[in-house]
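The values are calculated or read from the model by the stated rules, or taken from the named source; none is laboratory data. This one's a predicted model, so the numbers in the text were calculated from it and none came from an experiment. Here Cβ is always computed from backbone atoms with ideal geometry, including for glycine, and neighbour counts include all displayed protein chains.
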Amino acid sequence: PVLDAGAMGIIFPMIRSAADAEAAVQSLRYPPAGERGFGPFYAPLRFGLEMQTYADPADREILCILLIEHKDAIDDIKNIVQVPGVDACLIAPFDLAMSYGYRDGADHDEVQAGIAKAEKVIRKSSLTLGGLALNNELANDMIKRGYRLILTGFDTLLLQRAAGDILSGIDRDD
C-alpha cells in the first residue's frame, strides 16, 4: 500500500543477510525484475500517468534503504552491499547493541567494532552510508566518517522535542 500510494523509497528494518536484502529489492520492483504487486490505481493516478509510464521510472528510481541493526547483518555485510538494487545502508547503533545483548546503548567495544566494520565495507561499496545523528556534534563526526545520509530524528522524537521547547517557554507560576 505504501508504494501504491506513491512512495519513492522504503527503509527496510532488521535486514540480517544478503537474502533479506534481495527480498527487499524484489518487493520494490515490478515483474519481471521483481515481485511488486500491480496496484495501477494509486501511484500512477497521483502523478497523472499511465501505468507503463509510471512503472518503468519507478523501477529505476525507487530507493531501497536497508537498516543494519543486527549483528547477523554485520557478519554478512560484505554480501549485503553487493546486492543489486540496494541504494543505501543505515546503521542503527542502539538496535545493533541490543542484538549483541546490551540494553544500555552502543558504547561497548563489540558494538563499536561492528559499527566500524559496517562503515568500512559500506564506504568501499557504491552504496550510501547513513545513520541517525541526535545532535550537531554527532552529525559532523558522522560526515567526517563518510556518512552521506543523516537522519536528524524520527517522528516521536521530533514531536517530543517540539513539545518540550514549547513547554519550556511557558510560565507555570500561575
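Residue under question is Ala106, and the condition is that it be in a helix (DSSP H, G or I) and of a type outside the set (Asp, Glu); does it hold? Taking the combined requirement at face value, the residue does not satisfy it.
If the condition is being modelled with pLDDT of 95 or more and loosely packed, with under 14 Cβ neighbours inside 10 Å, then the stretch 127-138 contributes only Glu137. Quick one: would you say Asp87 is in contact with a strand residue (DSSP E or B) (Cβ under 9 Å, 6 or more places away or on another chain), closer than 19 Å to Gly9 by Cα and among the acidic types (Asp, Glu)? Yes; evaluated as a whole, the condition is true for this residue.
Here Val111 clears all of (1) under 15 Å from Glu69 (Cα atoms); (2) part of a loop (DSSP other than H, G, I, E, B) except the condition numbered (2). Of everything listed in (1) crowded, with 18+ Cβ neighbours inside 10 Å; (2) in contact (Cβ under 8 Å) with a residue 40 or more places away in the chain; (3) among the polar types (S, T, N, Q), the single unmet condition for Ser99 is (2).
When Gly164, Gly105 are checked against the criterion of being of a type outside the set (A, V, I, L, M, F, W, C) and either surrounded by 12 or more Cβ atoms within 10 Å (Cβ to Cβ) or under 19 Å from His70 (Cα atoms) (or both), Gly105 stands alone in meeting it.
Do you know which of the residues in the stretch 75-96 that are of a type in the set (A, V, I, L, M, F, W, C) and within 11 Å of Ile122 (Cβ to Cβ) is surrounded by the fewest Cβ atoms within 10 Å (Cβ to Cβ)? The extreme case among them is Ala88. Taking first residues from the stretch 31-60 that are surrounded by 12 or more Cβ atoms within 10 Å (Cβ to Cβ) and in a loop (DSSP other than H, G, I, E, B) and partners that are β-branched (Val, Ile, Thr) and modelled with pLDDT of 70 or more, the Cβ contacts under 8 Å between residues at least 6 apart in sequence or on separate chains come to Gly34/Val25.
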